[in-house]
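Working notes, beginning with the structure itself.
All of the numbers you see were taken from the coordinates with simple rules; none came from a lab. What you are looking at is a predicted structure, and each value in this text was computed from that prediction instead of being measured. Neighbour counts are summed over all protein chains in view; Cβ atoms, including those assigned to glycine, are modelled from backbone coordinates with ideal geometry.
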Amino acid sequence: MIHSIYRVVSFEIVGPYTLRVGFDDGTEQKIDFQPVLGGELFRPLRDLELLNGVRLDPEAHTLVWANGADFDPATLHDWPEYVDDLTALVHNWELVSA
């Protein structure tokens, strides 16, 4: 299996919990993060002020947040392929922590 390497080159906040993310191959993804904001690391991003404090890390070439949360750029690039599995994982985390 070939794992492509992508770099995030831009982002724009386009709505609550939603970012438009641009990649070095010229593609974009519009990502609604709300369904995956669970667990110890990502649950704090439910706070829109924290989520909207996102920045582009110039070394890792991905989105990062002040609490240390980040996503692999390849996951962001191929978001539609991962979102259902990530959402199910978060649901399980929430069940365990309840």
Worksheet item: What spacing in nm lies between the two simple spin-label points modelled at D32 and H91, each 7 Å away from Cα in the Cβ direction?
Response: 1.5
Worksheet item: Taking the Cα centre of each part, how many Å lie between the range 10-31 and the range 51-81?
Response: 10
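Tell me what the chain gives for mean residue ellipticity at 222 nm when only DSSP H runs of n ≥ 4 count, each as -39,500 (n - 2.57), the sum divided by the residue total, rounded to 500 deg cm²/dmol.
Numbers: 4 runs with 32 residues, N = 98.
So the helix-based figure for the chain works out to -9000 deg cm²/dmol.
For the chain, what is the charge dipole size about the Cα centre, in debye to the nearest 20, if Lys and Arg each add +1 at the Cβ and Asp and Glu each add -1 at the Cβ?
On the way: 6 positive and 17 negative charges, 44 e Å.
Computed charge dipole of the chain: roughly 220 debye.
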Worksheet entry | Residue-wise HN-Hα coupling along the range 33-50, computed from phi with Karplus coefficients 6.51, -1.76, 1.60 (Hz; x: Gly, Pro) | 7, 3, x, 10, 8, x, x, 4, 7, 9, 4, x, 6, 5, 6, 4, 5, 5
Response to the item:
Among Y82, I31, Y6, the residue whose Cα sits farthest towards the positive end of the charge dipole of the chain, when +1 is placed on the Cβ of each Lys and Arg and -1 on the Cβ of each Asp and Glu, is I31
Worksheet entry | Cα long-axis angle, helix 79-97 against the chain (0 to 90 degrees, to the nearest 10) | 20
Worksheet item: Taking Cα pairs under 8 Å and at least six residues apart, what relative contact order does the chain come out at, in percent?
Response: 27
